[in-house]
Amino acid sequence: MVNKRNWLGILAIVLIFGMMVVGCDDGSTDDGSGGSNQFIGTWIGGDRDGDSVTLVCTATNWTATFYGGTETGTYTYSGNTVTFKQGTETFVTATLSGNTLTVIGSYISYTPWTLTKQGTSNPPGGLIRL
């Protein structure tokens, strides 16, 4: 009887641990390509003259508000480099270092923009990242 109770206790612990590992959010914003999209979120900062710039990135789209106007498009990324496009044309490129996104490009004359990520889109949690 004691042996049976021990096995039930061990089984319960294993099941609880398994549910914690599978059920917890690991904080990733996986885009399905095997990596984590660290560009998703709201970025706020300014251009080289100190004018305000806001950039909002979803999984594949972006919206930038600057100089009293708004621009939109799509983006692709590889590692810490992102390319923002409007249609098939490259709008600007950017490099991520820590929580700072530096945007440069010939389309906009007042680059570089220096932007800082605001909050997190998915706060980290969970025990094991699978």
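The values are calculated or read from the model by the stated rules, or taken from the named source; none is laboratory data. Worth saying up front: this structure is predicted, and the values here are computed from it rather than measured. Neighbour counts are summed over all protein chains in view; Cβ atoms, including those assigned to glycine, are modelled from backbone coordinates with ideal geometry.
Side notes on the structure shown:
- The range 62-83 - residue that is hydrophobic (A, V, I, L, M, F, W, C) and more than 15 Å from the chain's Cα centre (by Cα) and, of those, modelled with the highest pLDDT: Ala64
- Residues of the range 42-63 that are of a type in the set (Phe, Trp, Tyr) and within 14 Å of Gln118 (Cα to Cα): Trp43 alone.
- Of the residues making up the range 59-103, those that are assigned to a strand (DSSP E or B) and either in contact with a Leu (Cβ under 6 Å, 6 or more places away or on another chain) or small (Gly, Ala, Ser) (or both) are Ala64, Gly69, Gly73, Ser78, Ala94, Ser97, Leu101.
- Of residues in the range 91-103 being touching a strand residue (DSSP E or B) at 6+ places or on another chain (Cβ under 8 Å) and exposed (fewer than 15 other Cβ atoms within 10 Å of the Cβ), the one modelled with the lowest pLDDT: Asn99
- Leading residue by the ranking (nearest to the chain's Cα centre (by Cα)) among those in the range 104-130 that are part of a strand (DSSP E or B) and either at pLDDT 90 or above or over 12 Å from Val82 (Cβ atoms) (or both): Lys117
- Failed item, numbered, when Gly18 is tested on (1) modelled with pLDDT of 75 or more; (2) exposed (fewer than 14 other Cβ atoms within 10 Å of the Cβ); (3) not hydrophobic (A, V, I, L, M, F, W, C): (1)
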